Amino acid sequence: MIASKILQIYAHYNKRLGAYKITHILQHDYGIHISVARVYRLMKSLQLPKMSTQKPFHPHKRNENGRCTYHLQQDFNQKAPNIVWVSDFTYIKADGKWYYFCIVMHLFSRKIILWNISGKPAVNLVMTAFKKAYTKRNAPLGLMFHSNRGTQYTAFAFQQLLNSLNVVQSFSKKGYPFDNACCECFFQYLKKEEVNRKTYHFPKELQLSVFGYIEGFYHAKRPHSSLGMMTPNEKEKWYWA
């Protein structure tokens, strides 16, 4: 997949290369002969930004005008593993209290790479989930990480983490929840098929319930129309066969 190679090159060179140089590397290192125009179009479709040559005046300030955010553009059907991950969190009640449930989903297979439950919606909830997922998947190169514009994802500490790993961060457009529809669908499945059917008296009960649903049912038994009616486990096994 040429787009995945472009992402890998872009990340490997610390987001510094433009279409012309990436075209050269594709030809020289991978034997892929395509035009600069096509590479430019693919980079544009991936929303890869040009490398800034100026230091930002307010590094902690969120930019809300969309110029510095990179959108997945609802391209949910990825052709290869570990190119795009998506993330979100929802609320689940246990023992009369609300707990925050964060997921990191592998968009290629819809598999939940990592999930985390916390009593507080702090940025550490997201950072912990991402770090564990990144380690679990052997630090993939050329990764795009997509989420909504929640404060956990736009936090300076989390953006620093992604930048240090050369991970391209993508945000949903403001006011467009459908840009992260895969996560929203998973939360609907989880609540309809598991969580809303039970009452949890202790946080441990909630954790065991979520674990059983994800590993015992969602990954192993639940077919997805977007995956040709394969389960997430079957999708990944099919790719690596």
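The values are calculated or read from the model by the stated rules, or taken from the named source; none is laboratory data. No experiment lies behind these values; they were computed from the predicted model shown. Cβ atoms come from the backbone with ideal geometry, glycine included; neighbour counts cover every protein chain shown. All accessible areas refer to the heavy atoms of the entire protein, side chains included, with ligands and DNA or RNA removed. Shrake-Rupley method; radii C 1.70, N 1.55, O 1.52, S 1.80 Å.
For residues that are crowded, with 20+ Cβ neighbours inside 10 Å and modelled with pLDDT of 90 or more, tally how many sit in segment 145-162. Give the steps one after another, and end with the answer.
Step one: list which residues in segment 145-162 are crowded, with 20+ Cβ neighbours inside 10 Å, which gives 145-148, 152-153, 158.
With modelled with pLDDT of 90 or more added as a condition, the list becomes 145-147, 152-153, 158.
So the count comes out to 6.
Cβ-Cβ distances below 8 Å connect the following pairs, each with a first residue in segment 210-222 that is in contact (Cβ under 8 Å) with a residue 60 or more places away in the chain and among the hydroxyl-bearing types (Ser, Thr, Tyr), a second residue that is part of a helix (DSSP H, G or I) and open to solvent by 10 Å² or more (accessible area, probe 1.4 Å), and a separation of six or more residues or different chains: Tyr218/Tyr189. For segment 66-111, the set of residues classified as modelled with pLDDT of 90 or more, over 16 Å from Phe130 (Cβ atoms) and of a type in the set (Phe, Trp, Tyr) consists of Tyr91, Trp98, Tyr99, Phe108, listed by residue number. With respect to the conditions (1) assigned to a loop (DSSP other than H, G, I, E, B); (2) in contact with a Phe, Trp or Tyr (Cβ under 8 Å, 6 or more places away or on another chain), Gln152 lacks only one, and its number is (1).
Of all residues in segment 163-207, exactly one satisfies the criterion of being under 17 Å from the mean Cα position of the chain (by Cα), small (Gly, Ala, Ser) and loosely packed, with under 12 Cβ neighbours inside 10 Å, namely Ser164. For Pro49, state whether it is modelled with pLDDT of 85 or more and out of contact with any Leu (no Cβ under 7 Å at 6 or more places or on another chain). Here the answer is no, as Pro49 does not meet what is asked. Evaluated against (1) within 21 Å of Asn124 (Cα to Cα); (2) assigned to a helix (DSSP H, G or I); (3) out of contact with any helix residue (DSSP H, G or I) (no Cβ under 7 Å at 6 or more places or on another chain), Leu161 falls short on exactly one condition, (3).
Filtering segment 208-226 to residues that are in a helix (DSSP H, G or I), under 23 Å from the mean Cα position of the chain (by Cα) and buried (at least 17 other Cβ atoms within 10 Å of the Cβ) leaves Val210, Tyr213, Ile214, Tyr218.
Restricting attention to segment 91-110, the residues that are among the small types (Gly, Ala, Ser) and open to solvent by less than 10 Å² (accessible area, probe 1.4 Å) total 2.
For residues that are farther than 18 Å from Ile103 by Cα, touching a His at 6+ places or on another chain (Cβ under 9 Å) and part of a helix (DSSP H, G or I), tally how many sit in segment 227-237. Going through segment 227-237 one residue at a time, the tally reaches 2. Considering only residues in segment 95-126 that are closer than 29 Å to Asn233 by Cα and of a type in the set (Gly, Ala, Ser), the one that is farthest from the chain's Cα centre (by Cα) turns out to be Ser118. Comparison of Ala139, Ala129 shows that the only residue that is of a type in the set (A, V, I, L, M, F, W, C), assigned to a helix (DSSP H, G or I) and at pLDDT 90 or above is Ala129.
Counting the residues of segment 107-138 that are farther than 14 Å from Trp85 by Cβ, in contact with a Ser or Thr (Cβ under 8 Å, 6 or more places away or on another chain) and touching a residue at least 24 places away in the same chain (Cβ under 8 Å) gives 2.
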